[in-house]
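Asker: Submitted below is the structure of interest, expressed as structure tokens.
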Amino acid sequence: MKRIILSMVSIILFSGALLADGYQVGDKAKDFKLINIDGEYVSMADYKDAKGFIVIFTCNHCPYAKLYEDRIIGLDQKFKAKGYPVIAINPNDSVKQPEDSYSNMIARANDKGFTFPYLLDADQSIAKTYGATRTPHVFLLQKDGKKYVVKYIGAIDDNAKIPDEVEEKWVEEAIASVREGNDPDPNFTKAIGCSIKWAE
């Protein structure tokens, strides 16, 4: 009995470790090919003129994701023309969280007027590969030839609830640093939001 319990604990710890794995700053990020809300598949390779990407794991239902929607639109509008478009990815299992279904993604994007692709990570493989744990969770990537180098990981800014009281715009500051040829400082912050709803 003790041996069975120890085995179960080991499996749980191992599974947790797998979910905790992911990219660190400086790693080369994997491209993806995920379905957009318009039924077309999108990958970073489609953006021939991009200098980098603001990849954001987000969703429909999470209160924190909702609080950041207008700011995510703002990031895309400000930086897309400068070569750093937003690509949003919904990693949540819609069985556990029906509000995050593909049909609801379409409705949410239309309702909010998303200016960026909103992709479904149906098997959650991209979220696991990147190491996303929260919604929203940002990965700022810099394009280097055919590679995508992780330059910043974490939160959008330091105040989810009150935009007017934001003091540190971490993503904007990270992009400014990268555009000047410097490494962001900080290059990592704690993502604040709802936990990703993993399939069982």
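Bear in mind that the values in this text are calculations on the coordinates, not laboratory data. Keep in mind that what you see is a predicted model, and the values were worked out from it rather than measured. Neighbour counts run over all protein chains shown; Cβ positions are idealised from the backbone, glycine included.
Asker: With 31 Å as the limit, write out which pairs from K82/K197; K82/K190; K48/K197; K30/K82 have Cα-Cα distances beyond it, or answer none.
Answerer: Table pairs above 31 Å Cα-Cα are K82/K197; K48/K197.
Asker: Please compute the modelled spin-label separation between T129 and K48, points set 7 Å along Cα→Cβ, answer in nm with one decimal.
Answerer: Inter-label distance under the simple model: 2.3 nm.
Asker: Do any trypsin sites (Lys or Arg not before Pro) in region 64-93 lie in a DSSP loop with no more than 15 other beta carbon atoms within 10 Å, and if so, which?
Answerer: K82
Asker: Pairing the Cα long axis of helix 102-112 with the longest principal axis of the chain, what angle in degrees results, from 0 to 90 and rounded to the nearest 10?
Answerer: Once rounded, one gets 30 degrees.
Asker: Which lysines, on any chain, are close to K112 with Cα under 20 Å apart, when same-chain ones fewer than 8 places away are left out?
Answerer: K66, K78, K80, K161
Asker: Additional query: Restricting to region 24-194, what percent of DSSP beta bridges are antiparallel, rounded to 5?
Answerer: Of all bridge pairs located within region 24-194, approximately 70 percent are antiparallel.
Asker: Also, quick follow-up: Please state the relative contact order of the chain as a whole percent: Cα pairs under 8 Å, 6+ residues apart?
Answerer: That works out to 27 percent.
Asker: Amide H of N90: which non-local residues (sequence gap of 5 or more, or other chain) have their own amide H closer than 5 Å, using H built in the peptide plane?
Answerer: For N90, the qualifying residues are T58, L119, L120, D121.
Asker: Give me the extension gain from K147 to D183: residue separation times 0.36 nm, minus the current Cα-Cα distance, reported in nm with one decimal.
Answerer: 11.3 nm
Asker: Do any cysteines in the chain lack another Cys Cβ under 4.7 Å, and if so which?
Answerer: For the chain, the answer is C59, because their Cβ atoms have no other cysteine Cβ under 4.7 Å.
Asker: For an R0 of 22 angstrom, estimate the FRET efficiency from the Cβ-Cβ distance between D164 and Q77 and round to the nearest 0.05.
Answerer: 0.75
Asker: Which whole-number percent gives the relative contact order of region 66-123, counting Cα pairs below 8 Å spaced six or more residues apart?
Answerer: Relative contact order, region 66-123: 43 percent.
Asker: Could you work out how far helix 2-20 tilts from the main Cα principal axis of the chain, as a 0 to 90 degree angle to the nearest 10?
Answerer: 10 degrees
Asker: Now for a different question. For every helix of n ≥ 4 consecutive DSSP H residues, a contribution of -39,500 (n - 2.57) applies; sum these over the chain, divide by its total residues, and give [θ] at 222 nm rounded to the nearest 500 deg cm²/dmol.
Answerer: Helix contribution divided over all residues of the chain: -10000 deg cm²/dmol.
Asker: Compute the angle between helix 170-179 and the longest alpha-carbon principal axis of the chain, please, reported from 0 to 90 degrees and rounded to the nearest 10.
Answerer: Around 60 degrees separate the two axes.
Asker: Starting from one equal scatterer on each C-alpha and no solvent at all, send me the Debye-based log10 I(q)/I(0) for region 11-116 at q = 0.20 Å⁻¹, two decimals.
Answerer: Values, matching the q order: -1.23.
Asker: Rule-of-thumb check for the chain: C-alpha Rg over 2.2 N^0.38 Å?
Answerer: The chain yields a ratio of 1.04.
Asker: On to the next question. For region 61-163, what percent of Cα pairs sit more than 19 Å apart?
Answerer: Percent of Cα pairs beyond 19 Å in region 61-163: 46.
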